[in-house]
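The next block holds one structure in the form of structure tokens; read it before the comments.
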Amino acid sequence: MTDETQRFTALSARLTGFDAGDLVATGLIEAYRTVAERELGSKRYGRLLRELGEMCELPLSDDESTEGARAVAYLWYTGSWPGSPPRLVSPRAYAEALVWKAAGLTAPAAAPGGYGSWAEGSTP
């Protein structure tokens, strides 16, 4: 894991409330880091990493940083970059979205049970 990836992981853990191990387990850290840097722009992305690395508490220093932090949290919880409409990063991002983990659920249609599973456990 590069220093840049470690910094993004630490930022993401602070924003989501999930620990680094949970985020690494998704397999999406590098993909999300790339999306966040591209969408926020290198300058804004770097400032967000610096500010959250130096500060112990939120809020951030300005609306632009706060909006960037919200976008990164949204990305982790939904697998999509916010916008109108939000842009899904990948099918895996949908399945690994933290919203499902927070609710103790599996993403709908992400882990099919196989042939006839719909009939199991549904006795009249």
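The values are calculated or read from the model by the stated rules, or taken from the named source; none is laboratory data. These figures come from a predicted structure and were not determined experimentally. A quick note on method: Cβ atoms are made from the backbone with ideal geometry, for glycine too, and the neighbour counts reach across all protein chains shown.
So Arg38 ticks every box in (1) in a helix (DSSP H, G or I); (2) surrounded by fewer than 19 Cβ atoms within 10 Å (Cβ to Cβ); (3) modelled with pLDDT under 95 but one. Which box is left unticked?
Among (1) in a helix (DSSP H, G or I); (2) surrounded by fewer than 19 Cβ atoms within 10 Å (Cβ to Cβ); (3) modelled with pLDDT under 95, Arg38 violates only (3).
Among what's in the range 80-105 and is assigned to a loop (DSSP other than H, G, I, E, B) and loosely packed, with under 12 Cβ neighbours inside 10 Å, pick the residue that is modelled with the lowest pLDDT.
Top of the filtered list is Leu105.
Given the criteria part of a helix (DSSP H, G or I) and modelled with pLDDT under 95, does Tyr45 qualify?
So Tyr45 fits the description; yes.
Give me the pairs: first residue in the range 48-76 and modelled with pLDDT of 80 or more, second residue β-branched (Val, Ile, Thr) and assigned to a helix (DSSP H, G or I), beta-carbon distance under 8 Å, and six or more apart or on different chains, which are they?
Leu48/Val72; Ala73/Thr16; Leu75/Val35; Trp76/Thr16
Could you tell me whether any residue of the range 24-34 is at pLDDT below 95, assigned to a helix (DSSP H, G or I) and under 15 Å from the mean Cα position of the chain (by Cα)?
For the range 24-34, residues at pLDDT below 95, assigned to a helix (DSSP H, G or I) and under 15 Å from the mean Cα position of the chain (by Cα): absent.
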